[in-house]
1. Taking D259 as the residue in question, decide whether it is more than 14 Å from N187 (Cβ to Cβ), among the acidic types (D, E) and buried (at least 17 other Cβ atoms within 10 Å of the Cβ).
2. Under the condition of being under 28 Å from L215 (Cβ atoms) and acidic (D, E), which residue from region 52-104 is modelled with the highest pLDDT?
3. Within region 110-149, how many residues are without any contact (Cβ under 8 Å) to a residue 60 or more places away in the chain and of a type in the set (D, E)?
4. Name every residue in region 193-245 that is touching a Pro at 6+ places or on another chain (Cβ under 8 Å) and closer than 18 Å to A266 by Cβ, in order of residue number.
5. Out of A167, A105, report the one residue that is aliphatic (A, V, I, L, M) and within 17 Å of the chain's Cα centre (by Cα).
6. Can you confirm whether region 152-162 contains a residue that is assigned to a loop (DSSP other than H, G, I, E, B) and hydroxyl-bearing (S, T, Y)?
7. Filtering region 262-272 down to residues that are more than 26 Å from the chain's Cα centre (by Cα) and in a helix (DSSP H, G or I), which residue is surrounded by the most Cβ atoms within 10 Å (Cβ to Cβ)?
8. Can you report the number of residues in region 104-145 which are in contact with a Phe, Trp or Tyr (Cβ under 9 Å, 6 or more places away or on another chain), among the hydrophobic types (A, V, I, L, M, F, W, C) and within 15 Å of P80 (Cα to Cα)?
Amino acid sequence: MRPDYATTSTADLKLVKAAIEPNIQKNRTCEPSCPPIPTHSTYMSSFKSTLLALGTCLLGMMTIAATAQAQRLEDEPLPPHFKAGLDAYNANNLPLAYTEFLAAANGGHLDSQFNVAMMYERGIGVEKNLTEAIVWYRKAALKDHSPSQFNLGVIYENGQGTAVDFAEASAWYRRAAQQGDALAIGNLGMLYIRGDGVPVNTTAGIALLLQSATLDPSPSNNAKQNISGTRGLTPQIIQDAQALSDKMTNAKNLLVPLDQYLTLAAIPKIPGH
């Protein structure tokens with residue numbers, strides 16, 4: 001597990017209770033004996049957490065869906081198996097909850113796919129199986145389910161049930177960041193600060209951390225701590241990072257100004273110019 005992140009994930013079986021208690025989780029880390037799960041931004045520290053600790057804790061500690069997610073759940077009827085899974089969970093019948101979520105997941109329900117992945121990841125109601133967890137996270141992530149994308153990023157960054165693959169982690173963080181996932185944005189920033197799977201670029205990393213901290217100022221997001229803990233910051237780096245962060249704020253897709261900056265930064269400097 002990587003201790004220098006400051007973000008958490010929305011992955012902590014948050015979707016299981018999404019229909020019950022609206023909330024968000026990001027940039028936070030969660031250990032086997034998980035403390036209460038913050039909202040969706042868990043890794044920048046932990047799967048959206050202390051440092052990328054898989055943001056998955058017991059269902060009872062899971063983070064709750066964001067306001068938009070909760071609203072969506074109110075506007076759309078819940079799939080019968082998903083609702084049955086929630087009922088079984090509330091009755092503490094975890095094996096039945098897994099069975100019902102799996103049925104809904106097989107029908108293409110993204111929140112259920114996420115929950116099935118989380119249950120496999122933590123061995124909740126089913127035998128722990130990280131390979132299956134990755135399979136189900138990927139199914140939902142490919143359909144632009146940002147919590148699943150974030151958790152995949154954390155998994156590949158930490159080598160949970162698979163080899164460490166920073167390039168793959170970066171790719172999933174980017175996809176979640178494009179949807180405004182604050183924890184994914186923060187974790188992506190840490191990759192640039194450390195040069196894991198991407199070229200080292202402290203300015204880009206700090207700009208992403210600034211974005212993360214702005215989008216999710218909750219205590220569970222360690223973006224601010226990660227900024228203050230970054231060594232070698234100069235007034236110029238801070239100024240340039242703030243300018244880049246401002247461009248990200250004003251862009252429909254924050255990856256556009258980020259990639260433009262990185263492209264220009266990669267051009268060799270001509271002495272005297």
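1. Values: more than 14 Å from N187 (Cβ to Cβ): yes; among the acidic types (D, E): yes; buried (at least 17 other Cβ atoms within 10 Å of the Cβ): no.
Considered against the rule, which asks whether it is more than 14 Å from N187 (Cβ to Cβ), among the acidic types (D, E) and buried (at least 17 other Cβ atoms within 10 Å of the Cβ), D259 comes out as no.
2. E76
3. Going through region 110-149 one residue at a time, the tally reaches 3.
4. Answer for region 193-245, where residues must be touching a Pro at 6+ places or on another chain (Cβ under 8 Å) and closer than 18 Å to A266 by Cβ: just L244.
5. Working: A105 fails: within 17 Å of the chain's Cα centre (by Cα).
Matching residue, one of A167, A105: A167.
6. So in region 152-162, the residues assigned to a loop (DSSP other than H, G, I, E, B) come out as 159-162.
Those still in the list that are hydroxyl-bearing (S, T, Y) too: 162.
Among the residues of region 152-162, at least one is assigned to a loop (DSSP other than H, G, I, E, B) and hydroxyl-bearing (S, T, Y), which makes the answer yes.
7. Within region 262-272, the first condition is being more than 26 Å from the chain's Cα centre (by Cα), and the residues that meet it are 264-272.
So of that shortlist, the ones also in a helix (DSSP H, G or I) come out as 264-265.
Details: L264: 8, A265: 13.
Across region 262-272, the extreme among qualifying residues is A265.
8. 2
The values are calculated or read from the model by the stated rules, or taken from the named source; none is laboratory data. As the structure is a computational prediction, the values presented were derived from the model and not from experiment. In this analysis, Cβ positions are derived from the backbone assuming ideal geometry, glycine residues included, and neighbour counts consider all displayed protein chains.
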